[in-house]
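S.K.: I have a structure here, written as structure tokens, and I will follow up with some questions on it.
No value in this document is a laboratory result; all are computed from the given coordinates. Since we're looking at a predicted model, the values are computed, not measured. Backbone-built Cβ (ideal geometry, glycine too); neighbour counts: all protein chains shown.
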Amino acid sequence: EFDAAAFATELHRFNYLVGPANAVAGGPSESQQLIRRVGLCTAFAMNVMLFTLPTYFGLEAAHRYTHLFSTLAMGFATLSLLSGGGYFLSRAVRALREKLLHIDLPIALGIVGAYLGSFYGWLAQREAYQYFDFVSAFIVLMLVGRWAQVAAVERNQRRLLSEQPAPPRLRVYESDGRCTEVPPEQLQPGQHFGVASGQTVPVDGVLVSLEASFSLAWINGEATPRLFRCTQPIPAGAQNLSRTEVRIIAKQAWTGSLLAELLKPVTRAAFRDRLIERVIQGYLIAILGAAALSGLAWWWFGGDAIHAGAVVTAVLVVSCPCALGLAFPLTDEIANVILRNRGVF
């Protein structure tokens, strides 16, 4: 899913909103995979909370079960990191390999920073620095947020696909006089088909009727109708303005038609929006700079490196530009679909 040519689109994965109708078939969707991670990490987080609550209720550090409870909390937090945090870590690492700043980078750094700080507290048996409950809860919240985001993308994909303009079924006349209705995709060269009044010719053809009036506005922008006579070629995209059905002999299959190219669902596997990339990359650079300066300032004035690391983590975990990555491409795709439905390509 992350090749070198297309990986940059992960900065705004919502440019994948429109694709072929069967694009989401053949295996569980990303939202289904994420909800499984959510369920697993929620179970781990509940176990972490179970073994952390005694400390909140006053269990003393010298008690014989304190270290056992903290070890169990560390173990379940580690499982949460591997099963849920790994989703963000792997995406951030793959982005860095492609020399890109990804919106999952501050989330991954925040998770790793919080876990390492807690792990240090567990090794040193310093209870004040153990916040495995935060690590596990934060991973669950981030996964839930990402699941909601991806589920919205898939829902919008299905909606936008259903709104894609599509030509209606056509009447095909056989040599024995039979008439059948078929979708344009089944048209073959040499077939006689009918185009009803107001309908668009799906493929290039030759007029069989004596004469007919067509609009070529989609082709050359001219609103004035043109009169065609028998045996004259009719281009794909011409609209029948006659009051009755006209018959045409197809000269090409649907796959070679100009109209098929115009109505083909948009796929942007290698599409890169340089503007949104620059905006998000600038935002991420600002986040990383602010986190680093905050940590250095706390370390300089407070002298506590562990607390300074917690400050860096806090800045990183609250600053993911997920809304920017969702809103901008989604608005762009909705506008494109509306224009396509109105005949603008």
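S.K.: Restricting to DSSP loop positions (anything but H, G, I, E, B) with no more than 13 other Cβ atoms inside 10 Å of their own Cβ, which chymotrypsin sites (Phe, Trp or Tyr not before Pro) remain in the stretch 57-100?
M.R.: Counting only loop positions with at most 13 other Cβ atoms within 10 Å, the chymotrypsin sites (Phe, Trp or Tyr not before Pro) in the stretch 57-100 are 57, 65.
S.K.: Further question: Please report the net charge: other residues with Cβ closer than 13 Å to the Cβ of residue 189, K and R +1, D and E -1. Walk me through the numbers on the way to the answer.
M.R.: Values: positive: 251; negative: 204.
Within the 13 Å Cβ shell, the charges total 0.
S.K.: At R0 = 45 Å, how high is the FRET efficiency between residue 230 and residue 144 if r is their beta carbon distance? Nearest 0.05 is fine.
M.R.: Efficiency, rounded to the nearest 0.05: 0.10.
S.K.: Could you work out the local net charge near residue 171, counting Lys and Arg as +1, Asp and Glu as -1, over the other residues with Cβ closer than 11 Å to its Cβ?
M.R.: Local charge sum for residue 171: 0.
S.K.: Can you list the HN-Hα couplings for the stretch 198-208, worked out from phi with the Karplus curve (6.51, -1.76, 1.60; θ = phi - 60°), rounded to whole Hz and with x for Gly and Pro?
M.R.: x, 8, 9, 6, x, 9, 4, x, 10, 5, 9
S.K.: Pop out the ³J(HN,Hα) list for the stretch 138-144 in order, Karplus 6.51 cos²θ - 1.76 cosθ + 1.60 with θ = phi - 60°, rounded to Hz; leave Gly and Pro as x.
M.R.: 5, 4, 4, 5, 5, 5, 4
S.K.: Using modelled amide H (1.01 Å from N, peptide plane; none on Pro or chain starts), what sits under 5 Å from the amide H of residue 170, excluding residues fewer than 5 places away?
M.R.: Those lying under 5 Å, H to H, from residue 170 are 182.
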